[in-house]
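As structure tokens, the structure follows; a few thoughts come after it.
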Amino acid sequence: MEERKKVIFSGIQPSGDLTLGNYLGALKNWVNLQDSYDCYFCVVDLHAITVRQEPKDLRRRTLEILSIYIAAGIDPEKNTLFIQSHVPAHSEASWLLTCSSYMGELSRMTQFKDKSQNMGDSINAGLFVYPVLMASDILLYNTDLVPVGSDQKQHLELARDLAERFNHLYSPTFTVPEPYIPKSGAKIMDLQDPTKKMSKSSQNPNAYILIMDPPETIRKKISRTVTDSLGVINYTDDQPGIKNLINILSAIKDISPEEVVSLYKGKGYAEFKRDVAEAIIEELEPLQSKVKELMNNKEYLESIYKRGAEKANYVSMKTLRKMQKKIGFIPR
Ligand code: AMP
Ligand code: TRP
């Protein structure tokens with residue numbers, strides 16, 4: 001019998017244009033993992049509506065993210081690429097798991113705390129149960145490994161807790177997933193405030209690099225990166241701006257931060273920034289032209305996401321049926 005390949009699941013929300021953080025923290029690693037695992041890569045549109053989305057932007061971004069997956073090198077012939085809302089088991093499993101999640105544990109999620117700040121009484125309940133939907137995404141496919149940036153670590157802990165709770169309450173049902181967090185790209189920081197993570201929802205466009213930013217914009221944004229007045233390129237928390245640029249270069253070139261430091265010994269910030277900008281451009285330019293090509297071929301994209309949804313529906317439905325049966329629902 002052929003040995004079962006381990007399963008990977010990951011997703012990105014179409015809630016804003018993708019940043020270099022998404023690319024280095026998530027996507028680039030998916031590309032490296034695809035040959036050794038059975039991979040599901042999802043565009044998580046159900047997650048995106050936890051904040052208000054303009055329908056036409058949501059439509060464009062959903063297809064653009066799918067195009068970015070493919071353009072980044074994820075082979076749609078070998079992996080399952082799909083759109084979350086095309087697979088109803090995610091929403092259904094999410095309800096079942098919501099009923100064994102605690103208000104306390106959900107209130108402790110730092111992403112919820114951050115996102116619900118300044119929202120007063122109008123915090124939508126979706127934002128609160130969002131991590132349960134994420135757990136459903138993962139558990140429905142009996143996922144072994146979840147490659148994400150370090151900001152998702154806490155959500156993954158919850159997915160593990162929910163899996164164990166269900167397995168214990170009924171009988172072994174879910175694989176308990178492990179996080180896979182990259183070394184250098186795990187947390188790319190805001191270019192204007194390197195104590196915050198780079199986020200597509202930032203108000204200041206100089207704070208992030210978008211995957212689709214043209215070369216001139218990338219050069220400008222990198223040259224304006226906030227650094228310090230020490231003038232030496234060192235990998236230390238005392239120089240968070242420089243540390244972030246080192247992480248970016250190290251993740252792109254696939255070399256260690258220490259190697260970057262020794263390459264730039266005795267060199268100035270201007271030269272370093274110039275090289276970082278060129279490395280980003282070199283990495284993103286081929287991807288960008290592929291994305292533009294794919295966005296002009298909606299039929300091809302449709303064939304990919306339809307095929308992906310078929311496979312995802314088949315696998316997730318089997319798990320959902322198991323859950324329903326164990327809970328005590330009458331089989332249909
Ligand atoms: P999101 O944009 O929140 O849907 O995140 C999609 C993926 O990108 C997740 O795996 C995140 O952990 C990752 N990610 C988002 N922002 C960053 C960042 N600044 N640095 C590293 N990874 C990130
Ligand atoms: N919550 C994740 C984020 O904001 C996106 C996501 C949703 C996800 N479902 C997932 C990531 C399942 C990994 C696995 O980044």
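If we count GluC sites (Glu not before Pro) as exposed when they sit in a DSSP loop and have at most 13 other beta carbons within 10 Å, what is the longest stretch of the chain that avoids them all?
In the chain, the maximal stretch lacking such sites is 78-332.
Among S316, S136, S229, whose mean-square fluctuation peaks in a Gaussian network model of the chain (Cα, cutoff 10 Å)?
Maximum among the listed residues: S229.
Work out Dmax and Rg for region 281-328 from the C-alpha atoms and quote the Rg first, both in angstrom.
When restricted to the Cα atoms of region 281-328, Rg and Dmax are 18.1, 55 Å.
Based on alpha-carbon atoms only, what is the radius of gyration of region 205-292 relative to the globular estimate 2.2 N^0.38 Å?
On the way: Rg = 13.0 Å, N = 88, 2.2 N^0.38 = 12.1 Å.
Taking N as the residue count of region 205-292, the ratio is 1.08.
Amide H neighbours of Q13 under 5 Å, counting only residues 5+ apart in sequence or on other chains, H built in-plane at 1.01 Å?
Result for Q13 returns V44.
Quick one: Karplus J couplings for region 125-141, per residue in order, coefficients 6.51, -1.76, 1.60, θ = phi - 60°, nearest Hz, x for Gly and Pro?
Per residue, the Karplus-derived 3J(HN,Hα) values read 5, x, 4, 6, 8, 2, x, 6, 4, 5, 4, 4, 3, 6, 6, 4, 9 Hz.
From a point 7 Å beyond the Cα of D75 in the direction of its Cβ, which residues of region 13-57 have a backbone N at a distance under 18 Å?
28-41
Let me cross-check R224: its accessible surface, 1.4 Å probe, with only protein heavy atoms counted, in Å² to the nearest 10?
Near enough 120 Å² of accessible area.
Rounded to two decimals, what ratio of Rg to Rh does region 127-214 give with C-alpha atoms and a Kirkwood Rh? Before the final figure, lay out each step's value.
Values: Rg = 16.3 Å, Rh = 14.8 Å.
Ratio value, two decimals: 1.10.
Place +1 on the Cβ of every Lys and Arg and -1 on the Cβ of every Asp and Glu in the chain, take the dipole about the Cα centre, and give the residue among L162, I304, G149 whose Cα lies farthest towards its positive end.
Farthest along the dipole direction, towards plus: L162.
When the distances between all Cα atoms of the chain are binned every 20 Å from zero, what whole-number percent does each bin get?
Binned Cα distances yield the sequence 30, 56, 13, 0.
What relative contact order, as a whole-number percentage, does the chain give when Cα pairs under 8 Å and 6 or more residues apart are counted? Write down the numbers at each step before the final one.
Working: 498 pairs, mean separation 72.7, N = 332.
After rounding, I find 22 percent.
Apply the Kirkwood formula to region 66-222: the hydrodynamic radius equals the inverse of the mean of 1/r over all pairs of different alpha-carbon atoms; give it in Å with one decimal. Let's see the in-between values first.
Details: mean 1/r = 0.0558 Å⁻¹.
Kirkwood hydrodynamic radius for region 66-222: 17.9 Å.
If you count the DSSP beta bridges with both ends in the chain, what percent of them are antiparallel, to the nearest 5?
So the antiparallel bridges in the chain amount to around 10 percent.
Any idea what the relative contact order of region 205-292 is, in percent, if you count C-alpha pairs under 8 Å spaced at least 6 apart? Provide the component values of the computation, followed by the final result.
Working: 81 pairs, mean separation 30.2, N = 88.
Over region 205-292, the number comes to 34 percent.
For region 177-332, take the alpha-carbon Rg, divide it by the Kirkwood Rh, and send me Rg/Rh. Intermediate values should be presented prior to the final figure.
Working: Rg = 21.6 Å, Rh = 18.7 Å.
With Rg and the Kirkwood Rh in hand, the quotient comes to 1.15.
The values are calculated or read from the model by the stated rules, or taken from the named source; none is laboratory data. No experiment lies behind these values; they were computed from the predicted model shown. When we count neighbours, we look across all protein chains shown, and the Cβ atoms used for this are built from the backbone with ideal geometry, even at glycine. The area values use the complete protein model at the heavy-atom level, side chains included, leaving out ligands, DNA and RNA. Shrake-Rupley method; radii C 1.70, N 1.55, O 1.52, S 1.80 Å.
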